[in-house]
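First the structure, in the form of structure tokens, and then the observations on it.
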Amino acid sequence: MLKYLITLPLLMLAVTVSGSPTDYVIGGVAADTIVARAKPDVVIPRDTTYMDSTADTESADIAPAIAAPAMVATDSDAPSFPRGAWDLSLQPRPHQVAIFCGAELNYADRNFLRLYDVLLNLTPGAKWHIGNDLMLAGQIHVPVANYGYGERMSMVRLNMTVLSKQVHFTNTRQHFKFSAGLFNRERMGADIKWMWPVNSWLLFMAQAGVTGHWALGFDFKGNHEETFGKDWLFTGIAGAKFYLEKWETEFVLSGGRYLNKKMGAQLEIMRHFTYCTVGIYGQIHQKDPSNTYSNHTEAGGFKVVMMIPPYKRSKRKVAFRPASNFRLTYNAQSDGISMKMYDTDPEDNERQYPIDVNWGAMRKK
């Protein structure tokens, strides 16, 4: 099993990581997200014939260019919109390869000898949209500066290589994403995500995975690291999202078992703007004796997610672009261990959902 988990995804580079206690991350999921305002269980497949006519970076207004039959939502909580009302500008072209690059800044006030520990990485990555909701993604970390994060973080490191497949059961509003490969936070294995948009303001979600430890890296001094452990770990979280459309505000309540094998719960409140999301969060979790940086069982902070232009995706088969978003996450306790989960996409962020569902902030404004 380990042989296939390693071999299959290593065809490309892999995913973005949000670093330790406080971090800036340039990288997000905008290239894979469908934006619309219609029935919550309606999903447009990536291999749609309307994609080529809308994914044009030269077009100022794509709505009139979409010629499609009307699709009326019957949900009493959602307004009726024709198929042409869906915003496909962020949809990738089928079989497109997207090559992007961002940066990651981690810093923590946990050292008496200097003001901050600092780690700065470049994060080049790639995504191959194979078609039929299948995607191969990868990313590496190239260190630029490292003060206080250990010598091993000064290596050029493979961050993620993941093969993902989305499955949508629109009649029952059940949406799944299956992923396998090398995830970030040095976890490898298999993961499943689930979303159920009940109506226009309520969505249930869950994530579960079985992962082991891995690490691959090298530097130009002749040092290298190659680790594939068998310490298989089960993690799982579940929760609900509540969306107030009038105020473009989202409440997220979630909890479960995280990578440090401890239980925890989190409440997050986010306000969405056109290209930016700001939010605050609070956490409560079990104490982790191995966490030498923080002995607290409560934490909190704020998050900022800003989308980076261009806001429309190129329709070229090979597209070069910057990372899709800028993220800032601040933790008041400088706790980079508690309540952490791996990502399965190089550009995951809190603003956009890991599965293409027409709900909440991802509806067409």
Self-check item: So PHE242, is it of a type in the set (Phe, Trp, Tyr) and free of Cβ contacts under 8 Å to residues at least 40 places away in the same chain
Solution: no
Quiz item: Does GLY264 satisfy being modelled with pLDDT of 95 or more, assigned to a strand (DSSP E or B) and either of a type in the set (S, T, N, Q) or within 18 Å of the chain's Cα centre (by Cα) (or both)?
Solution: no
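Mind checking which residues of segment 126-142 are open to solvent by less than 40 Å² (accessible area, probe 1.4 Å) and under 17 Å from ALA323 (Cβ atoms)? Before the answer, list the steps.
As a first pass, look at segment 126-142 and keep what is open to solvent by less than 40 Å² (accessible area, probe 1.4 Å): 126-127, 129, 131, 133, 135-141.
Within segment 126-142, ALA126, LYS127, HIS129, MET135, ALA137, GLY138, GLN139, ILE140, HIS141 meet the criteria.
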Practice problem: Residues being of a type in the set (D, E, K, R) and either free of Cβ contacts under 8 Å to residues at least 40 places away in the same chain or under 16 Å from ALA137 (Cβ atoms) (or both): count how many of those fall in segment 91-115. | Solution: 2
Exercise. Could you tell me which numbered condition THR277 fails, if it satisfies all but one of (1) of a type outside the set (A, V, I, L, M, F, W, C); (2) part of a strand (DSSP E or B); (3) more than 17 Å from ARG363 (Cα to Cα)?
Key: (3)
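Can we say GLU245 is under 22 Å from ASP356 (Cα atoms) and open to solvent by 60 Å² or more (accessible area, probe 1.4 Å)?
Working: under 22 Å from ASP356 (Cα atoms): yes; open to solvent by 60 Å² or more (accessible area, probe 1.4 Å): yes.
Yes.
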Self-check item: LYS177 assigned to a strand (DSSP E or B), surrounded by 15 or more Cβ atoms within 10 Å (Cβ to Cβ) and either in contact with a Ser or Thr (Cβ under 9 Å, 6 or more places away or on another chain) or of a type outside the set (Ser, Thr, Tyr) (or both)
Solution: yes
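Looking at segment 280-292, which of the residues that are open to solvent by 60 Å² or more (accessible area, probe 1.4 Å) and in a loop (DSSP other than H, G, I, E, B) is nearest to GLU245 (Cα to Cα)? Walk me through how you get there before you give the answer.
Just the residues of segment 280-292 that are open to solvent by 60 Å² or more (accessible area, probe 1.4 Å), to begin with: 280, 284, 286-287, 289-290, 292.
After this cut, where a residue has to be in a loop (DSSP other than H, G, I, E, B) as well, the list is 286-287, 289-290, 292.
On the way: GLN286: 34, LYS287: 37, PRO289: 42, SER290: 42, THR292: 42 Å.
The residue in question is GLN286.
Let's see how each residue does on (1) open to solvent by 50 Å² or more (accessible area, probe 1.4 Å); (2) among the aliphatic types (A, V, I, L, M); (3) touching a residue at least 40 places away in the same chain (Cβ under 8 Å); (4) more than 18 Å from TYR342 (Cα to Cα):
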site	(1), (2), (3), (4)
ALA215	no, yes, yes, no
ASP231	yes, no, no, no
ALA238	yes, yes, no, no
ALA265	no, yes, no, no
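For every residue, the table says whether it meets (1) closer than 24 Å to GLN266 by Cβ; (2) at pLDDT 95 or above.
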site	(1), (2)
GLN166	no, yes
PHE178	no, yes
TRP196	yes, yes
PHE220	no, no
PHE228	no, no
GLY236	yes, yes
LYS246	no, no
Quiz item: When you go through (1) at pLDDT 90 or above; (2) assigned to a loop (DSSP other than H, G, I, E, B); (3) within 30 Å of VAL318 (Cα to Cα) one by one for ILE130, which number turns out not to apply?
Solution: (2)
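Hey, among the residues in segment 99-125 that are among the acidic types (Asp, Glu) and in a strand (DSSP E or B), which one's surrounded by the most Cβ atoms within 10 Å (Cβ to Cβ)? Steps first, please.
Kept after step one, since they are among the acidic types (Asp, Glu), are these residues of segment 99-125: 104, 109, 117.
So of that shortlist, the ones also in a strand (DSSP E or B) come out as 104, 117.
Numbers: GLU104: 24, ASP117: 20.
Checking each candidate, the answer is GLU104.
Which one of SER80, SER89 is closer than 20 Å to ASP133 by Cα and at pLDDT below 85? Spell out the reasoning first.
Details: SER80 fails: closer than 20 Å to ASP133 by Cα.
None of the others qualify; the one that does is SER89.
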Quiz item: Of all residues in segment 143-160, how many are in contact with a Gly (Cβ under 9 Å, 6 or more places away or on another chain), in a strand (DSSP E or B) and buried (at least 17 other Cβ atoms within 10 Å of the Cβ)?
Solution: 4
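The values are calculated or read from the model by the stated rules, or taken from the named source; none is laboratory data. Just so it is clear, the structure is predicted and the values come from calculations on it, not from any experiment. No Cβ is skipped: glycine too gets one built from the backbone with ideal geometry, and neighbour counts run over all protein chains shown. Surface areas here come from the heavy atoms of the whole protein model, side chains and all, with no ligands, DNA or RNA. Shrake-Rupley method; radii C 1.70, N 1.55, O 1.52, S 1.80 Å.
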